[in-house]
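The values are calculated or read from the model by the stated rules, or taken from the named source; none is laboratory data. All values derive from a computational prediction rather than experimental measurement. Cβ placement follows ideal geometry from the backbone for every residue including glycine, while neighbour counts extend to all protein chains displayed. Calculation scope for accessible area: heavy atoms of the full protein, side chains included, ligands and nucleic acids excluded. Shrake-Rupley method; radii C 1.70, N 1.55, O 1.52, S 1.80 Å.
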Amino acid sequence: MKAIVYTKYGSPDVLQLKDVEKPTPKDNQVLVKIHAASTNPADWHLMRAEPFLARLANGLFKPKNTRLGADVAGRVEAVGSNGTQFQVGDDVFGELPLNGLGSFAEYVCVPEELLALKPAKLTFEQAAAVPLAAFTALQGLRDKGQIKPGQKVLINGASGGVGTFAVQIAKALGAAEVTGVCSTRNLELVRSIGADHVIDYTKADFTQNGQQYDLIFDAVGNRSVADFKRALSPNGICAVAGFTTLARLFQVLLLGGKKIGLMATAKANKKDLLVIKELLEAGKVVPVIDRQYPLAETAEAIRYLETGRARGKVVITVVS
Ligand SMILES: NC(=O)c1ccc[n+]([C@@H]2O[C@H](COP(=O)([O-])OP(=O)(O)OC[C@H]3O[C@@H](n4cnc5c(N)ncnc54)[C@H](OP(=O)(O)O)[C@@H]3O)[C@@H](O)[C@H]2O)c1
C-alpha cells in the first residue's frame, strides 16, 4: 500500500510517498481502508522534532515511528479476532494513538476503543477533520476550563483547527456569550460558526479593552500571564492549548497558578468521541475545512499548515 514515510527529521521535504506493507489487525484492532485524514500541528512538531522535546516522544536522532497522521476516517476492511464493536463495511472515524500514527496512508490498524461509527451525514473528509482538534477543544473547555452554562467565554485563535471547534463546542455546552479572536479576513467565518462577538486582533487587544471573561480558551499561546489575569473575571479560568515560544510555555507553567494553566495533551477516547459524534449529528458542531490535498501532496498540506494561517482544518483525501 502507499503511505507517507519520513526517516529523518526536517522540513516537509523529508516526507516521501512510499510502498509499504499493508498492516494486519491485532486481536483488538480493526483494519481501516482510509478515505481521508487530517493534519495537525503535532504532525509538523514530530516531523521537525521541534521543539526539541518532540525527540523524547519519537527518537533522539531519527524518528522511531516513521509514519505521521493522527486523524482518520474510512471503512472497516477486516476485524481482529477479539473484535466485537465493528463489522466489515462500517464507516468509522477516530484518532490514532501516538505510538500508532499513520493515517497519511491507504490503510491503518486502529484499536476498536478509539473508533466510532462515522455520522452518516458527514463526508469522510469532514469526519477526518474532527477528532484531535475537537478532543482538544472539548477537553480544554470542559476539563481544564470547567465550563459552565451561562458563562462568558473567549476563544483566542478562533479561526484555526482547534478554535473553530472550540467556538462551537463552547456554545453547545451552554456558554451565554462566546467571543472569538481572529484576524480581519476571518471575522465573518468566526461569526458564521456561532460566535456572538468577534475581536480582530490586528486592530484591538482583548486583554486591554476592559472586558473580562469567565473562561478563556487559548489556542494560540502568544499571551502573557499578566494579560490573562487582566482579561479574566475574579474567578475566571484560562486553559492554554498551545504555545508560540518556550518562554510563553514556561511562564504559564511557572506563574499561571491555579486558574491559568496549560491543558494536558488531549487524549483520544471513545467516550469523548461519542460526545462529539452526538454534537455532529445534532448539527451543533460542523467541521470547517480550509483546504484538501491528495495523499501524494501531504508535504504541501503540512507546508500550508505550518504557515499558521489555516482557516479550520487541512484535510488529506486518500480515496476520492
Ligand atoms: N494540548 C493539545 O493536546 C493540543 C492539541 C492540538 C493542538 N494544540 C496546539 O494548539 C494550537 C492550535 O492548534 P490548531 O490546530 O488550531 O492550529 P492551526 O490550525 O495551525 O491554527 C491556525 C490559526 O491560528 C490563528 N492565529 C495565528 N496567530 C494568531 C493570533 N495572534 N491571534 C489569534 N489567532 C491567531 C490563525 O488565524 P489568522 O490567520 O487569522 O492569524 C489560524 O486560523 C497549536 O499551538 C497546537 O500545537 C494542542
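Before we move on, is Val79 farther than 22 Å from Ala266 by Cα, open to solvent by less than 40 Å² (accessible area, probe 1.4 Å) and not basic (Lys, Arg)?
In short, no.
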ask   = Just a yes or no: is a residue in the stretch 201-217 polar (S, T, N, Q), loosely packed, with under 13 Cβ neighbours inside 10 Å and within 11 Å of the ligand (Cβ to nearest atom)?
value = yes
remark   = Of the residues in the stretch 303-320 that are within 7 Å of the ligand (Cβ to nearest atom) and among the hydrophobic types (A, V, I, L, M, F, W, C), the one that is surrounded by the most Cβ atoms within 10 Å (Cβ to Cβ) is Leu305
query = Taking Leu249 and the conditions (1) more than 25 Å from Pro287 (Cα to Cα); (2) in contact (Cβ under 8 Å) with a residue 24 or more places away in the chain; (3) under 22 Å from the mean Cα position of the chain (by Cα); (4) open to solvent by 70 Å² or more (accessible area, probe 1.4 Å), which numbered condition does it fall short on, given that it satisfies the others?
reply = (4)
request  = Report the residue count in the stretch 51-87 for those that are within 25 Å of Val315 (Cβ to Cβ) and β-branched (Val, Ile, Thr).
outcome  = 3
remark   = Residues of the stretch 13-40 being more than 20 Å from Lys64 (Cβ to Cβ), in contact (Cβ under 8 Å) with a residue 40 or more places away in the chain and either open to solvent by less than 70 Å² (accessible area, probe 1.4 Å) or assigned to a strand (DSSP E or B) (or both), in sequence order, are Leu17, Pro25, Val30, Leu31, Val32, Lys33, Ile34, His35, Ala36, Ala37, Ser38, Thr39
query = Taking the condition away from the ligand (no atom under 11 Å from the Cβ), open to solvent by less than 10 Å² (accessible area, probe 1.4 Å), within 21 Å of Cys238 (Cβ to Cβ) and not acidic (Asp, Glu), does Leu173 pass?
reply = no
query = Among Gln146, Gln126, which is assigned to a loop (DSSP other than H, G, I, E, B) and either open to solvent by 30 Å² or more (accessible area, probe 1.4 Å) or among the small types (Gly, Ala, Ser) (or both)?
reply = Gln146
request  = Pick out the one residue from Ala134, Ala158 that is of a type in the set (A, V, I, L, M), within 13 Å of the ligand (Cβ to nearest atom) and in a helix (DSSP H, G or I).
outcome  = Ala134
query = How many of the residues in the stretch 226-245 are surrounded by 17 or more Cβ atoms within 10 Å (Cβ to Cβ), farther than 21 Å from Lys267 by Cα and of a type in the set (A, V, I, L, M, F, W, C)?
reply = 3
query = On the given criteria, is Ala70 surrounded by 20 or more Cβ atoms within 10 Å (Cβ to Cβ), farther than 14 Å from Leu117 by Cα, within 21 Å of the chain's Cα centre (by Cα) and more than 16 Å from the ligand (Cβ to nearest atom)?
reply = no
Candidate set: the stretch 175-220, residues that are in contact (Cβ under 8 Å) with a residue 60 or more places away in the chain and assigned to a loop (DSSP other than H, G, I, E, B); chosen: the one nearest to Val153 (Cα to Cα) = Gln212
ask   = Is it the case that the stretch 58-67 has a residue that's open to solvent by 40 Å² or more (accessible area, probe 1.4 Å) and aliphatic (A, V, I, L, M)?
value = yes
Selected residue (only one of Leu122, Leu114, Leu141 is farther than 16 Å from Gly74 by Cα and away from the ligand (no atom under 11 Å from the Cβ)) = Leu141
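Given the criterion away from the ligand (no atom under 16 Å from the Cβ) and assigned to a strand (DSSP E or B), identify the matching residue among Val108, Val153.
Val108
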task = Keeping to the stretch 244-302, report how many residues are more than 12 Å from the ligand (Cβ to nearest atom) and modelled with pLDDT of 95 or more.
result = 30
